[in-house]
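Report on one structure; see the data block that follows.
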Ligand SMILES: Cc1cc2nc3c(=O)[nH]c(=O)nc-3n(C[C@H](O)[C@H](O)[C@H](O)COP(=O)(O)O)c2cc1C
């Protein structure tokens with residue numbers, strides 16, 4: 001029996017298998033944060049993929065929290081209506097649960113989409129003044145504004161309200177984006193946080209704002225659904241955020257009611273030295289899982305069915321997320337099920353694609 005294809009339950013939400021579509025920014029919104037037909041196609045593909053969970057891309061909780069002008073957003077009601085249109089269709093196509101990543105880009109926003117080089121926006125392109133822990137630019141980007149206490153209240157309220165919108169359209173899983181050098185990570189890492197108030201300096205102080213934001217989201221997110229956090233577990237650079245810091249932070253998140261951690265890494269400095277290779281972030285997930293005893297999602301160059309199976313079978317992580325592997329092969333779980341003997345629900349119109357159905361047997365009348 002494949003363990004990758006065994007169900008996993010958190011609170012009242014059961015994922016039919018351990019395979020997750022990792023959140024992936026599409027920079028294909030309408031310019032006002034609304035999902036478009038691109039999202040219908042993109043997420044529609046994953047709706048028939050058989051993944052246990054699909055997490056929608058980083059969705060900005062305020063306009064100034066976007067990476068590019070074309071990010072998906074959830075900062076106003078209209079954005080939730082646009083997401084609901086896509087998910088109402090997607091939910092009918094399969095058994096996947098649906099999640100959303102609540103995000104604020106902080107000092108890494110106001111740039112062109114990835115395929116145009118992530119170049120700082122000009123005034124004509126609608127640039128905005130970014131918010132961050134301190135007025136320290138990410139190298140090559142514009143200088144952000146250091147947030148005041150009142151800015152923090154605004155952003156905390158924006159995260160809370162975004163969670164309410166996601167809750168009210170029936171999303172199963174909310175994931176707070178605390179990684180990749182974006183706003184919340186910018187408070188954690190000494191590379192971006194040089195505040196001299198209660199939100200900078202010691203580890204305790206640097207964790208304070210991200211923990212406040214998490215608590216605000218927890219406050220409105222239903223206890224029977226799932227609320228997780230994506231962490232950059234290490235900055236991969238001397239003097240930066242470390243695995244030990246993440247263990248302390250994840251423990252505090254657990255105390256506040258966090259249901260799972262996704263172990264990602266990097267993004268706060270271009271000087272990072274990442275040992276890229278198959279499953280390169282799995283040791284980070286294992287460190288969190290063992291020290292904090294919290295369900296953990298592994299991600300990063302997981303591409304092969306047997307590799308994913310080994311991670312689950314040996315209790316190294318609880319869930320495996322694939323990003324680029326899913327873009328390359330949106331039916332990855334079908335192939336994995338075929339390789340590992342797992343069960344997958346295939347949409348009726350596509351049933352005849354299964355290798356077992358190519359013999360001609362499909363011409364016989366179906367019993368049901
Ligand atoms: C096109 C693209 C967009 C991404 N956007 C996001 C995002 O919105 N939020 C996030 O946390 N990670 C994002 N990531 C990172 C992925 O979720 C994932 O962690 C990373 O690609 C490593 O996994 P992989 O090797 O399976 O692709 C993105 C990655 C790609 C390739």
* Across the stretch 161-184, what is the number of residues that are surrounded by fewer than 24 Cβ atoms within 10 Å (Cβ to Cβ), under 13 Å from residue 220 (Cα atoms) and either within 16 Å of the ligand (Cβ to nearest atom) or free of Cβ contacts under 8 Å to residues at least 60 places away in the same chain (or both)? -> 2
* To do: Go through 314, 329 for me and flag whichever is without any contact (Cβ under 8 Å) to a residue 12 or more places away in the chain and more than 20 Å from the chain's Cα centre (by Cα).
  => 314
* Asked: Of the residues 133, 80, 103, which single one is surrounded by 14 or more Cβ atoms within 10 Å (Cβ to Cβ), within 20 Å of residue 39 (Cα to Cα) and more than 16 Å from the ligand (Cβ to nearest atom)?
  -> 80
* Breaking point among (1) in contact with a strand residue (DSSP E or B) (Cβ under 8 Å, 6 or more places away or on another chain); (2) surrounded by fewer than 19 Cβ atoms within 10 Å (Cβ to Cβ), for residue 293 -> (1)
* Which condition number does residue 257 fail, the rest of (1) in contact (Cβ under 8 Å) with a residue 40 or more places away in the chain; (2) farther than 16 Å from residue 281 by Cβ; (3) part of a loop (DSSP other than H, G, I, E, B) being met? -> (1)
* Can you name the number of the only condition in (1) touching a residue at least 40 places away in the same chain (Cβ under 8 Å); (2) surrounded by fewer than 24 Cβ atoms within 10 Å (Cβ to Cβ); (3) part of a helix (DSSP H, G or I) that residue 94 fails? -> (3)
* Counting only residues that are assigned to a loop (DSSP other than H, G, I, E, B) and away from the ligand (no atom under 16 Å from the Cβ), which one in the stretch 209-237 is nearest to residue 173 (Cα to Cα)? -> 225
* Is it fair to say residue 270 is in contact with a strand residue (DSSP E or B) (Cβ under 7 Å, 6 or more places away or on another chain), surrounded by fewer than 24 Cβ atoms within 10 Å (Cβ to Cβ) and touching a residue at least 60 places away in the same chain (Cβ under 8 Å)? -> no
* Structure fact -> Okay, strands (runs of 3 or more DSSP E) sitting entirely in the stretch 1-76 with 1 or more residues that are surrounded by fewer than 22 Cβ atoms within 10 Å (Cβ to Cβ) and out of contact with any helix residue (DSSP H, G or I) (no Cβ under 9 Å at 6 or more places or on another chain), I get 8-10, 13-15
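Read-outs throughout are calculated quantities, based only on the coordinates presented, and are distinct from any laboratory measurement. As the structure is a computational prediction, the values presented were derived from the model and not from experiment. Every residue, glycine as well, gets a Cβ built from its backbone with ideal geometry; the counts of neighbours run over all protein chains shown.
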